[in-house]
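Report on the following structure.
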Amino acid sequence: EFMATEPRFDADQVEIGTGSLRVEKSNKVAAGNIANGDDSVPIGAFLFDVDGESITFSYWVITIATTDSDSGGGKAVLDNITVYDANGNAVAGPTDPTISGSTHKVTFTDSVTVPVGENVYTVKGNLDTGWANNDTIALSFTPSTAITSIKGDTTGNTITPTPAASVAANTLTVKAGTLTVSIDQSLGNQSYVEGANQVELGRYVLDATASGEDLKVTVVKI
């Protein structure tokens, strides 16, 4: 409001507070199948929701739990673990995990700045050839303890992310390349006019749902 004496205008009062960071699972990497021995495979994604001010952190530990379906086969290894932002830029890593039994621990010490708003970060890695069919990979971490050295870029205040509970990405399953072929019964029995061209003689279904990778078919013999 304007003052009666020494006319001046009092602007709105602005209170500067500390920013916040909340982490949750992102479905950008959905539960599904991945291929053994493949490189730069998306293995999990997380949503970082920042409010108040952009934040920067320099320490992040991710736990990667795996299951070994072949009971004592060759040790399966993930390496070259890298974090990418929504634009495909690498923001942390690559780094190799420490392995203890079926658990991989990945520690990132890169400085990562997260802007205000919802930001999805995708974790990718290389699978060696020691994975067996039906092995699983699941990423998780507890934000309040696994992400540290966080400060608000404007205030410089220290920030503790939430929640104080484990956040788990979708589970991925290692699958071999598989193609199932079947007859599509939707065509049914047909009658044709003699001399007709381009008549449909049959339909087949090529199903790669259970495959760990996309398949390219170049030759079909009937």
(message) Which residue is farthest from V23 (Cα to Cα), if the candidates are limited to the stretch 148-162 and must be within 25 Å of the chain's Cα centre (by Cα) and in a loop (DSSP other than H, G, I, E, B)?
(response) S149
(request) Assess whether P115 counts as being touching a residue at least 40 places away in the same chain (Cβ under 8 Å), in contact with a helix residue (DSSP H, G or I) (Cβ under 9 Å, 6 or more places away or on another chain) and open to solvent by less than 70 Å² (accessible area, probe 1.4 Å). (result) no
(request) Quick one: count up the residues across the stretch 75-92 that are open to solvent by less than 50 Å² (accessible area, probe 1.4 Å), modelled with pLDDT under 95 and either in contact with a Lys or Arg (Cβ under 7 Å, 6 or more places away or on another chain) or in a loop (DSSP other than H, G, I, E, B) (or both). (result) 2
(request) Filter the stretch 95-112 down to residues that are charged (D, E, K, R) and touching a residue at least 24 places away in the same chain (Cβ under 8 Å) and give me whichever is surrounded by the most Cβ atoms within 10 Å (Cβ to Cβ). (result) D110
(request) List the number of the failed condition for S71; all other conditions in (1) surrounded by 15 or more Cβ atoms within 10 Å (Cβ to Cβ); (2) at pLDDT below 95 hold. (result) (1)
(request) Could you grab me the full set of residues in the stretch 193-222 that are farther than 25 Å from D39 by Cα and aliphatic (A, V, I, L, M)? (result) V193, A196, V199, L201, V205, L206, V219, V220, I222
(message) What are the pairs with Cβ atoms under 8 angstrom where one residue, in the stretch 136-151, is closer than 26 Å to A31 by Cα and without any contact (Cβ under 8 Å) to a residue 40 or more places away in the chain and the other, located anywhere, is assigned to a strand (DSSP E or B) and of a type outside the set (S, T, N, Q)? Sequence gap at least six, or different chains.
(response) T142/V167
(request) Just give me the residues in the stretch 122-163 being more than 28 Å from I34 (Cα to Cα), open to solvent by less than 40 Å² (accessible area, probe 1.4 Å) and of a type in the set (S, T, N, Q), in sequence order. (result) S144
(request) Name the one entry in S191, S182 that is modelled with pLDDT under 95, more than 19 Å from the chain's Cα centre (by Cα) and in a loop (DSSP other than H, G, I, E, B). (result) S191
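The values are calculated or read from the model by the stated rules, or taken from the named source; none is laboratory data. All values derive from a computational prediction rather than experimental measurement. Methodologically, a virtual Cβ is constructed for each residue, glycine included, from the backbone with ideal geometry; neighbour enumeration extends over all protein chains shown. We work out accessible area using only protein heavy atoms, side chains counted, and drop any ligands, DNA or RNA first. Shrake-Rupley method; radii C 1.70, N 1.55, O 1.52, S 1.80 Å.
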